[in-house]
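Beneath this line is the structure, given in structure tokens, with notes to follow.
The values are calculated or read from the model by the stated rules, or taken from the named source; none is laboratory data. Note that this is a predicted model, so its numbers are computed, not measured. Cβ: placed from backbone, ideal geometry, glycine included. Neighbour counts: every protein chain shown.
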Amino acid sequence: MAQFSVGANTLMAESNELDATLEEAGTFRELGCRPLQVLTAMKPYSVDQLAGMQITPQQGEQVQAIWHALQEEMAGWSSWSEHQVLDHAGHDIQFDNPQVVVEAVRSVVEAARSNRCDPLFW
């Protein structure tokens, strides 16, 4: 069994840079013609999930509407994207609907290999 040892200084340095890293990552909104698949889970929240989040069913619907809008925006980051809304999948799409995930990954790989767009975008 392999063991990995990370010193406290390394962990602290990474932790100190996390905010800057996330801030920089948040600025990338233009992916050009890179293939992108966005899968959005829209299964209504269960009573237990709503209770865990301490929100009402109406608030749950509002959260999901906002989530859908954010996912739609993300799909717009690429000129070569597809947005699939999965009404019967929850947060763990890979368990609720694994075939859709497999197809999405294959689609992106095949699209990337096709070199359909100008190579300057890749």
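Selection of segment 37-55 for residues being in contact with a strand residue (DSSP E or B) (Cβ under 9 Å, 6 or more places away or on another chain) and among the small types (G, A, S) yields only A41. Would you confirm whether or not segment 60-67 contains a residue that is surrounded by 11 or more Cβ atoms within 10 Å (Cβ to Cβ) and within 24 Å of A111 (Cβ to Cβ)? No, segment 60-67 contains no residue that is surrounded by 11 or more Cβ atoms within 10 Å (Cβ to Cβ) and within 24 Å of A111 (Cβ to Cβ). Among the conditions (1) in contact (Cβ under 8 Å) with a residue 40 or more places away in the chain; (2) under 24 Å from R29 (Cβ atoms), Q71 misses just one, which is (1).
Every listed requirement among (1) modelled with pLDDT of 95 or more; (2) surrounded by 13 or more Cβ atoms within 10 Å (Cβ to Cβ) is met by D48 save one, (2). Residue count for segment 76-99, restricted to those that are hydrophobic (A, V, I, L, M, F, W, C) and buried (at least 16 other Cβ atoms within 10 Å of the Cβ): 4.
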